[in-house]
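Below is one structure; the comments refer to it alone.
The values are calculated or read from the model by the stated rules, or taken from the named source; none is laboratory data. None of the values given here were measured: they were computed from a predicted structure. When we count neighbours, we look across all protein chains shown, and the Cβ atoms used for this are built from the backbone with ideal geometry, even at glycine. The area values use the complete protein model at the heavy-atom level, side chains included, leaving out ligands, DNA and RNA. Shrake-Rupley method; radii C 1.70, N 1.55, O 1.52, S 1.80 Å.
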Amino acid sequence: MRTLALRKLTRKAILTLTLSSLFYWMPSTHAQEESYTLRLHHFFPPSAPVHQQYFVPWKNAVEEESDGRLKVELFPSMQLGGTPPSLYDQAKDGQADIIWTVLGYNSGRFPKAEVFDLPFLPTTGAATSQAAHEYAMQHMQDELAGVHPIAVHTHSPGAMHTKDTPIESLEDVKGLKIRGPSRLVNKYLAKLGAQPIGMPVAQALEALSRGVLDGTVIPFEAITAMGLADITTEHTMFSGDRALYTTMMIVAMNQAKYDALPDDLKAVIDAHSGIQEAYKIGKIMDDADLEQIHKIESGEQPGTIHRLSEEETQRWQAIGQEIVDEWITEANEAGLNGQQLYDDANQLILKHTGN
């Protein structure tokens with residue numbers, strides 16, 4: 001009896017050891033389901049429509065669809081430090097995991113992106129954003145090396161906003177100190193006879209308050225978000241379906257951070273990347289523009305909107321064409337096919353405006 005019991009005990013011990021060994025060598029569930037934190041950094045305030053209506057829902061969707069394995073932390077208003085022009089390198093160098101910024105803040109660094117800064121090229125934010133994303137995927141893979149684009153887009157139609165001077169003709173803008181976001185926009189402002197001052201829009205309120213600026217070009221949606229509603233009360237819009245200007249923006253992820261994700265988590269990011277995201281951002285800005293314009297026209301916010309006639313708009317467009325022609329020549333001299341890039345951008349805008 002003792003021998004039989006001993007044999008049973010031995011078999012049980014062997015079975016226990018065998019199972020223990022199997023569990024030891026099996027990959028752990030914890031290792032398979034490692035979690036990742038993504039810090040998303042941008043310069044707009046948390047009250048901005050794109051932060052509230054795009055990035056907050058984007059964060060929630062990514063976290064939910066990853067079963068909590070992806071955690072997105074939002075840092076608006078440059079809370080992680082640096083300046084708006086440094087944001088692109090923060091993503092490229094891994095100081096932040098995801099950023100949102102204006103490519104034109106890095107003058108000369110993204111020459112192919114500049115085509116979207118040209119005067120009277122854009123239509124709506126939604127259409128032009130889709131065109132910008134498609135254009136970037138076709139033409140800008142080399143310039144965007146080191147980051148993983150989530151969405152390339154533009155802001156909604158840019159207009160001119162001044163403190164005290166109504167702009168109702170070309171002559172009215174001469175000598176005014178106007179903030180511009182990019183090299184080409186500033187070049188155009190100079191041709192109009194203004195004194196262009198390049199700076200990120202986040203600095204515009206202080207500059208306007210101190211008298212450093214007489215006005216700024218921005219989309220209507222940014223007026224309230226940037227605290228300008230009570231200080232820039234003269235607003236100028238143009239006839240036709242082409243806006244004064246826009247500029248290319250990007251939501252970009254650090255490439256190494258993206259590459260380190262397991263395939264299933266990459267799939268979550270991929271599901272919330274692409275041209276449909278560009279459309280969403282542009283549409284949010286378009287809708288916010290309309291809301292802002294309504295507030296001004298209804299008297300809910302102070303200000304006057306001046307809509308230039310078709311004849312007056314054509315005068316501005318003629319000067320804008322000079323900037324287009326000069327940019328094409330510059331691009332050709334830099335080894336790019338300037339005319340082809342301009343034509344492609346224009347055709348993509350027409351394509352998506354017709355959707």
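What residue among Val152, Val212, Val173 shows peak mean-square fluctuation when the chain is described by a Gaussian network model with Cα springs under 10 Å?
Checking each option, the largest mean-square fluctuation is seen for Val212.
Only Cα pairs within less than 10 Å get springs; with that Gaussian network setup on the chain, which residue of Thr216, Thr162, Thr329 has the largest fluctuation?
Residue with maximal mean-square fluctuation among Thr216, Thr162, Thr329: Thr329.
Pop out the Kirkwood hydrodynamic radius of the range 192-268 from its pairwise C-alpha distances, inverse of mean 1/r, in Å to one decimal. Please report the intermediate quantities before stating the final value.
Values: mean 1/r = 0.0628 Å⁻¹.
This gives a value of 15.9 Å.
In whole percent, and with a 1.4 Å probe on the protein chains, what portion of the accessible area of the chain is carbon and sulfur? Please list the in-between numbers first.
Details: 8310 of 15820 Å².
Roughly 53 percent, rounded to a whole number.
In the Gaussian network model of the chain, springs joining C-alpha atoms below 10 Å, which of Gln195, Gln79, Gln255 carries the largest mean-square fluctuation?
Top of the fluctuation ranking is Gln79.
Looking at the range 81-143, which GluC sites (Glu not before Pro) are DSSP coil and have at most 16 other C-beta atoms within 10 Å of their C-beta?
Details: sites: Glu114, Glu134, Glu143; in loops: Glu143.
In loop regions of the range 81-143 (DSSP not H, G, I, E or B), the sparsely surrounded GluC sites (Glu not before Pro) are Glu143.
Trypsin sites (Lys or Arg not before Pro), restricted to the range 188-269: which are DSSP loop and have at most 14 other Cβ atoms within 10 Å? Please list the in-between numbers first.
Details: sites: Lys191, Arg210, Arg242, Lys257, Lys266; in loops: Arg210, Arg242.
Listed in order of number, the matching sites are Arg210.
Output the pairs from Lys71/Lys351; Lys295/Lys351; Lys112/Lys191 with a Cα-Cα distance over 29 Å in this structure; if there are none, say none. Write out the running numbers ahead of the final one.
Values: Lys71/Lys351 37 Å; Lys295/Lys351 31 Å; Lys112/Lys191 22 Å.
Exceeds cut-off: Lys71/Lys351; Lys295/Lys351.
Please report how far the C-alpha centroid of the range 49-100 lies from that of the range 146-196, rounded to the nearest whole angstrom.
If we compute the Cα centre of each part, the gap is 27 Å.
Roll a 1.4 Å probe over the protein heavy atoms and report the accessible area of Ser47 in Å², nearest 10.
For Ser47, solvent-accessible area is about 80 Å².
How large is the charge dipole for the range 310-355, taken about the Cα centre, if only the Cβ atoms of Lys, Arg (+1) and Asp, Glu (-1) carry charge, to the nearest 20 debye?
Details: 2 positive and 10 negative charges, 53 e Å.
Once rounded to the nearest 20, the dipole reads 260 debye.
Let me know the whole percent of all Cα-Cα pairs from the range 164-310 that are separated by more than 21 Å.
53 percent
With n ≥ 4 as the cut-off for DSSP H runs, can you work out [θ] at 222 nm for the chain, using -39500 (n - 2.57) per run divided by the number of residues, rounded to the nearest 500?
Values: 14 runs with 162 residues, N = 355.
The helix contribution divided over the chain gives -14000 deg cm²/dmol.
With just the Cα atoms of the chain, tell me how far they stretch along each of the three principal axes, in Å, largest first.
113, 47, 36
Among all the aspartates and glutamates, which ones have a C-alpha under 15 Å from Lys177's C-alpha, if same-chain residues fewer than 8 places away are not counted?
Asp164, Glu206, Asp214, Glu234
Please list, in chain and number order, the residues 5+ apart from Gln195 or on another chain whose amide H is under 5 Å from its amide H, with Hs placed from the backbone.
For Gln195, the qualifying residues are Gly175, Leu176, Lys177, Ile178.
With a 1.4 Å probe and all protein chains left in place, how much accessible area per residue does the range 67-143 have, in Å²?
32 Å²
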